[in-house]
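The values are calculated or read from the model by the stated rules, or taken from the named source; none is laboratory data. Bear in mind that the values here come from a model prediction, so they are computed numbers and not experimental data. Backbone-built Cβ (ideal geometry, glycine too); neighbour counts: all protein chains shown. Just the protein is used for accessible areas: all its heavy atoms, side chains included, with ligands, DNA and RNA removed. Shrake-Rupley method; radii C 1.70, N 1.55, O 1.52, S 1.80 Å.
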Amino acid sequence: MLNIWVVMPTCLPLVVRRCHACASERFLANGKFRVNANHKLLDAWLLVLCASCGETAKLTVLERLNVRSIPSELLDRMHNNDPGLAAELLQDPAVQRRNRIALDWDGAWRLETGGSDHLDRELIDVSVRFAARIPVRPVRLIAEGCGLSRAEVERLVSEGKVVSAVRLSGKLAGDFTFTLKR
């Protein structure tokens, strides 16, 4: 029987970027936007606050675009400070590149395994799904989902008792499956 585990975000991740005021490197995204019109051209930013000093920084979302070229539902979501839109934009690789930022997902996600009835079985087939692009080590997910230590999971991987089509070392942000034989 295939078990489905889901890696779910619990809040917006921290933004890794250097603060100009205090040299801190973590910003909190609270989902607020600033939209500015200059004649028929529009600029839009996602506002983030320094975790240390509270200084506001702007992450460019739209730059000098004609108002008519922007979908009205996108503008409405920005004007309403939609946290879902903030989450989407933070994960957008183009926004990350443009603003030279990275995301820190520590403490901003949880693993939903659907219960602990799988823990006593000899053979476990698991499909891990990601609700958002959250980079996590598969060994950590397996350890947390099966109630094992990471060292024990790494030992099981080296013994061939944890098998997957993807490499289990390093970080993944995409769906994968694995089989655990006890």
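Using every pair of alpha-carbon atoms in the chain, split the distances into 10 Å bins beginning at 0 and state the percent of pairs per bin, rounded to integers.
9, 30, 25, 19, 13, 4, 0
Considering only protein heavy atoms and a probe of 1.4 Å, how much of the accessible area of the chain is carbon and sulfur, as a whole percent?
48
Could you work out the Kirkwood radius for region 94-135, taking every pair of different alpha carbons, averaging 1/r and inverting it, reported in Å?
13.7
Could you pull out every residue, at least 5 positions away or on a different chain, whose amide H is within less than 5 Å of the one on Arg129? Hs are placed 1.01 Å off N in the peptide plane, and Pro or chain starts have none.
Result for Arg129 returns Trp5, Val6, Val7.
Compute all pairwise cysteine Cβ distances in the chain, then list the cysteines with no distance under 4.7 Å to another cysteine.
Cys11, Cys146
Is the C-alpha gyration tensor of region 1-98 telling us rounded, prolate or oblate? Criteria: a/c under 1.5 is rounded; beyond that, a/b larger than b/c is prolate, otherwise oblate.
oblate
Let me have the relative contact order for region 139-182, percent, based on Cα pairs under 8 Å that are six or more residues apart.
32
Ignoring ligands, DNA and RNA, what accessible area per residue does region 1-66 give at 1.4 Å, in Å²?
56
Please arrange Met1, Met78 by accessible surface area, largest first, computed with a 1.4 Å probe and ligands excluded.
Met1, Met78
Counting helices only, and only those DSSP H runs with n ≥ 4, report the 222 nm mean residue ellipticity of the chain as the sum of -39,500 (n - 2.57) divided by its residues, in deg cm²/dmol to the nearest 500.
-6500 deg cm²/dmol
Return the sequence-ordered ³J(HN,Hα) values of region 98-109 in whole Hz as given by the Karplus equation 6.51 cos²θ - 1.76 cosθ + 1.60 applied to θ = phi - 60°, using x for Gly and Pro.
4, 9, 6, 10, 10, 10, 10, 8, 4, x, 10, 8
Trypsin sites (Lys or Arg not before Pro) within region 1-90: which are DSSP loop residues with at most 11 other Cβ atoms inside 10 Å?
Listed in order of number, the matching sites are Lys40.
Please list, in order along region 57-69, the HN-Hα scalar couplings obtained from phi with the Karplus expression 6.51 cos²θ - 1.76 cosθ + 1.60 (θ = phi - 60°), rounded to whole Hz, x for Gly and Pro.
Here the 3J(HN,Hα) series is 10, 10, 9, 5, 10, 10, 9, 6, 9, 5, 4, 5, 8 Hz.
Kirkwood-based Rg over Rh for region 117-182 (C-alpha set), two decimals?
Taking Rg over the Kirkwood Rh, I get 0.93.
As a test question: what accessible area, to the nearest 10 Å², does Thr56 have when a 1.4 Å probe is rolled over all protein chains in place?
Looks like 80 Å² after rounding.
Using a 7 Å offset from the Cα along the Cα-to-Cβ direction at both Cys11 and Arg98, what is the distance between the two label points in nm, to one decimal?
Reported label-point gap for Cys11 and Arg98 is 2.7 nm.
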